[in-house]
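Asker: Submitted below is the structure of interest, expressed as structure tokens.
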Amino acid sequence: MPQKPSLDRIDRKILDILQRDGRISNQRLSEAVALSPSACLARLRRLEKEEVITGYKAQVDAAKLGPNLTVFAEIVATAHDPASTRRIEQALADIPEAIEAHQVSGSYDFLVRFLVPDMEFWTNLADELADGELKIETVRTVAVMRRIKGWVGVPLGAT
């Protein structure tokens, strides 16, 4: 198991700023955390190397791209052996509309967030998932009516 990186107050401040503005220049970032640009860049590179920072992405407003529907699916598997679990995991990884997936404990085995064009698309996709090939017993659906709060980043005070 990899060793947990040691993060100090400045590292956490760098992470907090980058979560809010991933395009900030190193100069502005270094000023915000009261470091020289070279020292700030060295910390940034270390955080990337230690995979604390796993990438930089643009946040896209899906509603601006056209109609869409966010669906959370609670998936119950019929088989729980490692090979069956891996097949389900791989199938979910291969579905572009599965934008987030977790294996969970509790009354279902996987919780997956899908972003699909509409309910008809989701219905067809859910039918494909439950067709028997993947050994999925149940796909329970919760459709999002309105987003109250989106992803805002890792809460750094709690880590």
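Taken together, the values in this text are just the output of simple stated rules run on the coordinates, not laboratory data. This is a predicted model, so every value here is computed, not measured. Reconstructed Cβ throughout: ideal geometry from the backbone, glycine too, with neighbour counts over all protein chains shown.
Asker: Please provide three numbers in whole Å: the alpha-carbon extents of region 62-143 along the principal axes, with the largest listed first.
Answerer: Largest to smallest, the principal-axis extents are 41, 22, 21 Å.
Asker: Still on this structure: When the Karplus curve 6.51 cos²θ - 1.76 cosθ + 1.60 is applied with θ = phi - 60°, which whole-Hz ³J(HN,Hα) does each residue of region 106-111 get, with x for Gly and Pro?
Answerer: x, 7, 9, 9, 9, 10
Asker: Quick one: check the C-alpha center-to-center distance for region 35-107 versus region 117-159, whole angstrom.
Answerer: Taking the Cα centre of region 117-159 as reference, the centre of region 35-107 is 13 Å away.
Asker: Here's a follow-up. Averaging sequence separations of C-alpha pairs under 8 Å and six or more residues apart, then dividing by the length of the chain, give the relative contact order as a whole percent.
Answerer: On the way: 158 pairs, mean separation 39.4, N = 159.
RCO, the chain: 25 percent.
Asker: Would you please classify the overall shape of region 39-91 from the alpha carbon gyration tensor, given that a ≥ b ≥ c denote the square roots of the eigenvalues, rounded means a/c under 1.5, and beyond that prolate means a/b larger than b/c while oblate covers the rest?
Answerer: oblate
Asker: Additional query: Select from VAL116, GLN90, SER105 the residue farthest towards the positive end of the dipole of region 62-143; place +1 on Cβ of Lys and Arg, -1 on Cβ of Asp and Glu, and compute about the Cα centre.
Answerer: Toward the positive end, the furthest listed residue is SER105.
Asker: Still on this structure: Using the reciprocal of the averaged 1/r over all distinct C-alpha pairs, how large is the Kirkwood radius of the chain in Å? Write down the numbers at each step before the final one.
Answerer: On the way: mean 1/r = 0.0535 Å⁻¹.
One over the average 1/r among Cα pairs gives 18.7 Å for the chain.
Asker: Going by how many other beta carbons lie within 10 Å of each one, how would you line up ARG140, ARG87, fewest first?
Answerer: Details: ARG140 12, ARG87 17.
Exposure proxy ranking, most exposed first: ARG140, ARG87.
Asker: Per residue of region 73-84, in order, report the coupling 6.51 cos²θ - 1.76 cosθ + 1.60 (Karplus, θ = phi - 60°) as ³J(HN,Hα) in whole Hz, putting x for Gly and Pro.
Answerer: 10, 9, 10, 10, 8, 7, 10, 10, 6, x, 5, 5
Asker: In what sequence do ARG23, ARG45 fall when counting other Cβ within 10 Å, fewest first? Write out the running numbers ahead of the final one.
Answerer: Numbers: ARG23 8, ARG45 11.
So the ranking, lowest neighbour count to highest, is ARG23, ARG45.
Asker: If the cut-off is 30 Å between C-alpha atoms, which lysines fall inside it for LYS149, apart from same-chain ones fewer than 8 positions away?
Answerer: LYS4, LYS13, LYS57, LYS64
Asker: While we're on this one: Test of the criteria: in region 40-149, which chymotrypsin sites (Phe, Trp or Tyr not before Pro) are in a DSSP loop and have at most 12 other Cβ atoms within 10 angstrom of their Cβ? Write down the numbers at each step before the final one.
Answerer: On the way: sites: TYR56, PHE72, TYR108, PHE110, PHE114, PHE121, TRP122; in loops: TYR56, TYR108.
Those satisfying the criteria are TYR56.
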